[in-house]
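Encoded as structure tokens, the structure appears first; notes follow it.
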Amino acid sequence: MAESWSFLDTVESNFRPLVVIELAKGTKEETIEWFTKRIVDKKTDGGAQLLIKPLVTENGHENIYLVGASHLRLLLGAETVGLVKECNDNSMRTFTYSSRKTFKDFADDNHNFLTMAECQYIIKHELDNLRAKNEKMIPGYPQAKLYPGKSIVRRLLTSGILVQIFPLHDREELKKLRHSWYGRVRIGYQPLDDIRCYFGETIALYFGFLEYFTFALIPMAVIGIPYYVFAWEDYDKYVMFAAFNLLWSTVILEVWKRICAILTYRWGTLLMKRQFEEPRPGFHGVLGINPVTGREEPVYSSIKRQLRIYLVSLPFVCLCLYFSLYVMMIYFDLEQWALDYHKENESNFSSLMLYVPSIIYAVVIEIMNRIYRYAAEFLTSWENHRLESSYQNHLILKVLVFNFLNCFASLFYIAFVLFDMKLLRQSLATLLITSQILNQFAESLLPYWLQKRHNKRMKQRTSSQKTDMDLSLAEQVSMEKEMGTYLGTFDDYLELFLQFGYVSLFSCVYPLAAVFAVLNNITEIYSDALKMCRVYKRPFAEPTANIGVWQLAFETMSVISVVTNCMLIGMSPQVDALFPDSKMDLVLTVAFVEHLLLAIKFIMAFVIPDKPRDIQMKLAKLEFESLEALKQQ
């Protein structure tokens, strides 16, 4: 590997722009010269060994640079990041440059062996790993301090010198993807392999989960309709429906693990070996030596981090939870006012007023969720976690706890304190439908409308009627750099998590929840596809083998749903009438049924393998071959 880096040529006659770097206007020349030199410098000298060219427009040089790499550099980078590709014998193996001839479709002149998304991921990896050597500051900016091991790109971003880095769209491939993905309304599967090739595994896996979850909701929706129509007030008839719901929630999550394994094995990410995780770019501290790697890197006391978490973050989260409960009590005061108003007037208008408090509360919930999200991101960043995985886990935990309480506390209060099933049904329906409408508007319709207006102004400015395919490179970059930035799948998974809660927690009270969820998800697939292709800049691909901590979140929600549904059924008048003499017998019976269902749930989770048999065999075969290779060495 070292020899390959030393002989690597940094000159490429056929330059292919892959990534755009935008520097702030007025950036000093010495800063630009230093930064571009570090990008071009050889790996052995601490550089990224990439290609970079300034973008010249009609207005001259605008501090925008195009980054690419030679074919050899990308192949060596693929080995560095541990990409897994398909071999000639149809097996999946980690790519190495020395064994490149054994991989399917490889040829020295085939520049399409790596997808454009993979090439852009390699470039991002190299740029992120540009670290200061002996520099004490960014040249030209004495206030922007540096120390050995500090991420250069991160420091430039926080100093406001670097505006953004984003990958370019491939207009021809994007047009094909749009046509096959959402170009025509049809019932069928999404082109997940094409999505993966263009946007990467993380986004493809989200759309795969969204599609799977939508199909999995259909049985619940089909069964829920007759229960809603023919058995509205007879809660004892919902026992079978609730039992089916509980088994359904277990089976779909276990089956998803198998589907996820099939997809990620085909894409190669199931086999990607997790490298020793390097410090996240935002991590800061006193320069020291990592005891595991022996490298110089920032060191921050874990005691200080724990003090920040338990003395600042935890009290703040508790304060936010208290405020959420306070807002909930205001909502119940409004509900009581609306009910009293209806009793006094008994008109169509007063009947409509019964839904107003729930609608207002649903809007307030969405606003509070979004404000809290920003606060949670700030706090988690301030805690100064060393690893990106630790940062994400703490952020997700903060957000999930607040969102769960904020969205479901009122429903639990109505069910188990007020014992008002009619109000529970009304509130659940209102919260679910209102949140879906607000999410569709805020996440898709509004950004699409704003982006369409911007694109129209841009095309008028270029005084042409060009299509996206006819735009010059400078016009394309100028248009894309003004697009919104896709912030990841966090909000998308969170929306599905809350939807899963609405469907599963109180299924025996409102069976139509699954119907509305299916309708919402069908439009969600098309609107999310539209915003990925037309509204946002192309995101960098991120390899992943599963949906991460969200799998655990969904499984936890399904366990809570067992408890809530059993309690709701136990509270029904029909079940209560079966135990007229002893309420203790009722409690014990409900507890026994709950424990029995939980036992069945965990047994099913244990019995259903996470990976299909054929994939287990392929993984075992690769492990055996690796051990044999080590023996021969």
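The values are calculated or read from the model by the stated rules, or taken from the named source; none is laboratory data. Computed from a prediction, not measured in an experiment: that's the story for all the values here. We place every Cβ from the backbone using ideal geometry, glycine too, and count neighbours over all the protein chains shown. Areas reflect the complete protein model, heavy atoms only, side chains present, ligands, DNA and RNA absent. Shrake-Rupley method; radii C 1.70, N 1.55, O 1.52, S 1.80 Å.
Structural remarks
- Dividing the mean sequence gap of close Cα pairs (under 8 Å, 6+ apart) by how many residues the range 324-392 holds gives a relative contact order of 25 percent.
- Cα gyration tensor, the range 59-125 - rounded (a/c under 1.5), prolate or oblate: prolate
- Contact order normalised by residue count of the range 19-168, Cα under 8 Å, 6+ apart, percent: 27
- Partner lysines whose Cα lies under 25 Å from the Cα of residue 422, excluding those fewer than 8 positions away in the same chain, are identified as 237, 343, 583.
- For the residue pairs 25/133; 85/537; 85/618; 37/124; 85/150, alpha carbon separations beyond 24 Å are given by 25/133; 85/537; 85/150.
- Remark: the range 482-633 projects, on average over all directions, an area of 15.3 nm² (convex hull of Cα atoms).
- Principal-axis tilt of helix 314-345 within the chain, Cα atoms, nearest 10 degrees: 40
- Inter-part distance where the range 404-446 and the range 536-581 are each reduced to a Cα centre, Å: 15
- Angle in degrees between helix 116-128 and the longest Cα principal axis of the chain, rounded to the nearest 10: 80
- Normalised by the number of residues in the range 133-232, the average gap of Cα pairs under 8 Å and 6 or more apart makes the relative contact order 12 percent.
- Computed from the C-alpha gyration tensor, the three semi-axes of the ellipsoid equivalent to the range 19-168 are 33, 17, 11 Å, from longest to shortest.
- The angle between the Cα long axis of helix 583-607 and the longest principal axis of the Cα atoms of the chain comes to about 30 degrees, rounded to the nearest 10.
- Straight-line cross-link reach from residue 531 at under 19 Å between alpha-carbon atoms covers these lysines, not counting any fewer than eight positions away in the same chain: 175, 176, 452, 456, 481.
- Computed with a 1.4 Å probe over protein heavy atoms only, the accessible area of residue 331 comes to about 10 Å².
- Options 565, 146, 624, ranked by Cα towards positive dipole end of the chain, top entry (Cβ charges): 146
- Taking amide hydrogens as placed 1.01 Å from N in the peptide plane, the amide H of residue 300 sits under 5 Å from that of no residue at least 5 positions away in sequence or on another chain.
- Average projection, convex hull of the Cα set of the chain: 34.7 square nanometres.
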